[in-house]
Amino acid sequence: MLPESLGNLEKLEDLDISDNQIKALPDSFRFLSRLRNFRADQTSLEIPPREVMKLGAHAVVQYMADYVLRYTICLMRDILSAADTFPRSSSRFDDEKFDEDSKLVLSITVQLRFVRCVSGAETGK
């Protein structure tokens, strides 16, 4: 797995991750705006898909930016939807009614929806 800090290499122009077991690029890949050459031959890379990688480094960076945006929007929508199913007092959560069990259920719900969002983002849905 590539570190999330990869996106901090703002001046990176060439990157070759060939011959490894990396399955997905880190979300921070979207910040590599100066990347000109990207190689990922003989990898297990699933995100982004091969057809995007064939379009070049700029297309991969753009794909990752779009990918992160899609699943962030999906996740936020689902968090808000999940939060609406729990008891509220006025316009904020009532700590007495929102007990530890409810917090756990909300947490699990959000995590499951996140998995669904990411799966949908991967397939372009």
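Each value in this text was obtained by applying a stated rule to the coordinates, not by laboratory testing. No experiment lies behind these values; they were computed from the predicted model shown. Neighbour counts run over all protein chains shown; Cβ positions are idealised from the backbone, glycine included.
Values computed for the structure shown
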{"item": "Radius 15 Å from Cβ of Ala40, net charge of other residues (Lys, Arg +1; Asp, Glu -1)", "result": "-1"}
{"item": "Ordering of 70-80, 11-21, 27-37 by burial proxy (mean other Cβ atoms within 10 Å per residue, highest first)", "result": "27-37, 70-80, 11-21"}
{"item": "Stretchable slack from Leu55 to Met76, in nm (0.36 nm times residue separation minus alpha-carbon distance)", "result": "4.5 nm"}
